[in-house]
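The values are calculated or read from the model by the stated rules, or taken from the named source; none is laboratory data. The structure displayed is predicted, hence computed values, not measured ones. For neighbour counting, all protein chains shown are included, and Cβ atoms are generated from backbone atoms with ideal geometry for every residue, glycine included. Quick note on the areas: whole protein, heavy atoms, side chains included, nothing else; ligands and nucleic acids left out. Shrake-Rupley method; radii C 1.70, N 1.55, O 1.52, S 1.80 Å.
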Amino acid sequence: MEEISIFVMGKEYRVPKGQTIMKALEYAGFFYIRGAGCRGGFCGACGTVYRKKDSYRLKVGLACQDIVEEGMYLAQIPFYPANKKLYDIQKLSPRPEVIISLYPEILRCISCGSCNKVCPQDIKVMEYINAAIRGDIEKVAELSFDCILCGLCASRCPAEIVQYYVALLARRLYGAHIQKKAGHLKVRLQEIAEGKFDKEIEDLMRLEVGLLKERYQKREIEV
Ligand code: SF4
Ligand code: SF4
Ligand code: FES
């Protein structure tokens, strides 16, 4: 097994070549108590900072996705103390100025594009912040749909904007007030509330695990 040297908080460790940063850190003896979740690039929990050998550039990425390289210097991003506003989404009205009223700092955006460059989901972050400034809630929701709330954009923003909470607000506003409600969902919720499926659920809960797996494999999938 070929090994390489990486430096974690300044100390050298020998780790297998070709591993993700997360696996290399675990190989080196570190335990992820927080800062790890899905291990597949979807939960956004594992933001990390690194610098490659002989490079002046400080980079950020996801520890479960980026691969270690010889001479890499690493540090995990601790919990990101972002400004998150509290609100009752049902009481907020989806007016164009609502995002600015809760996150006025978005007006400080200088359109530098740093957020776009670091987003592991290739989201047009700057564009959705600009849409938020214009009050276009639907556009923000659409552009930010794949956000995994990793926080990397905020870690590089010179205007100290927490882009992902701005986007989350827009998606919640869109879901609660703008998106057309699905008629069949309303019917199904009413059926659940009236107990239409209670007996079926009880029968399923009594099933032995093997039979349950078999039922799952044979289930009908609507496309
Ligand atoms: S928009 Fe920001 S928080 Fe969301 S995935 Fe991209 S970098 Fe991460
Ligand atoms: S990093 Fe901040 S200032 Fe730069 S474009 Fe993104 S939101 Fe605007
Ligand atoms: S652990 Fe979930 S994105 Fe890395």
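Table for the structure above
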item	result
Condition check for Y103: open to solvent by less than 50 Å² (accessible area, probe 1.4 Å), among the aromatic types (F, W, Y) and within 16 Å of ligand 1 (Cβ to nearest atom)	yes
Filter pass, Q65 being in contact (Cβ under 8 Å) with a residue 40 or more places away in the chain, away from ligand 1 (no atom under 16 Å from the Cβ), assigned to a loop (DSSP other than H, G, I, E, B) and not β-branched (V, I, T)	no
G44 vs. criteria open to solvent by less than 90 Å² (accessible area, probe 1.4 Å), closer than 24 Å to Y165 by Cβ and in a strand (DSSP E or B)	no
Number of the condition not met by D88 [criteria: (1) in a loop (DSSP other than H, G, I, E, B); (2) of a type in the set (D, E, K, R); (3) in contact (Cβ under 8 Å) with a residue 12 or more places away in the chain]	(3)
Test: residue in segment 130-144 that is assigned to a loop (DSSP other than H, G, I, E, B), of a type outside the set (F, W, Y) and crowded, with 20+ Cβ neighbours inside 10 Å	yes
Every residue from segment 145-157 that is part of a loop (DSSP other than H, G, I, E, B) and either under 17 Å from I99 (Cβ atoms) or open to solvent by 60 Å² or more (accessible area, probe 1.4 Å) (or both)	F145, D146, C147, L149, R156, C157
Meets criteria (among the charged types (D, E, K, R), out of contact with any strand residue (DSSP E or B) (no Cβ under 9 Å at 6 or more places or on another chain) and on the phi > 0 side of the Ramachandran plot) for E160	yes
Residue satisfying all of: in segment 2-21; surrounded by fewer than 13 Cβ atoms within 10 Å (Cβ to Cβ) and out of contact with any Asp or Glu (no Cβ under 9 Å at 6 or more places or on another chain); nearest to A36 (Cα to Cα) among these	M9
Residue within segment 13-20 that is within 11 Å of ligand 3 (Cβ to nearest atom), within 15 Å of the chain's Cα centre (by Cα) and not aliphatic (A, V, I, L, M) present	no
Options K117, K84, K59: the member that is open to solvent by 90 Å² or more (accessible area, probe 1.4 Å), within 16 Å of ligand 2 (Cβ to nearest atom), closer than 20 Å to C150 by Cα and not acidic (D, E)	K117
Sole residue being open to solvent by 90 Å² or more (accessible area, probe 1.4 Å), assigned to a helix (DSSP H, G or I) and not hydroxyl-bearing (S, T, Y), chosen from E200, E222	E200
The listed residue being more than 21 Å from the chain's Cα centre (by Cα), more than 11 Å from ligand 2 (Cβ to nearest atom) and of a type in the set (V, I, T), out of I89, I100	I100
Pair list, Cβ under 8 Å, 6 or more apart: segment 17-39 residue closer than 19 Å to V60 by Cα, other residue surrounded by fewer than 16 Cβ atoms within 10 Å (Cβ to Cβ) and among the aliphatic types (A, V, I, L, M)	G18/I67; Q19/I67; T20/I67; I21/I67
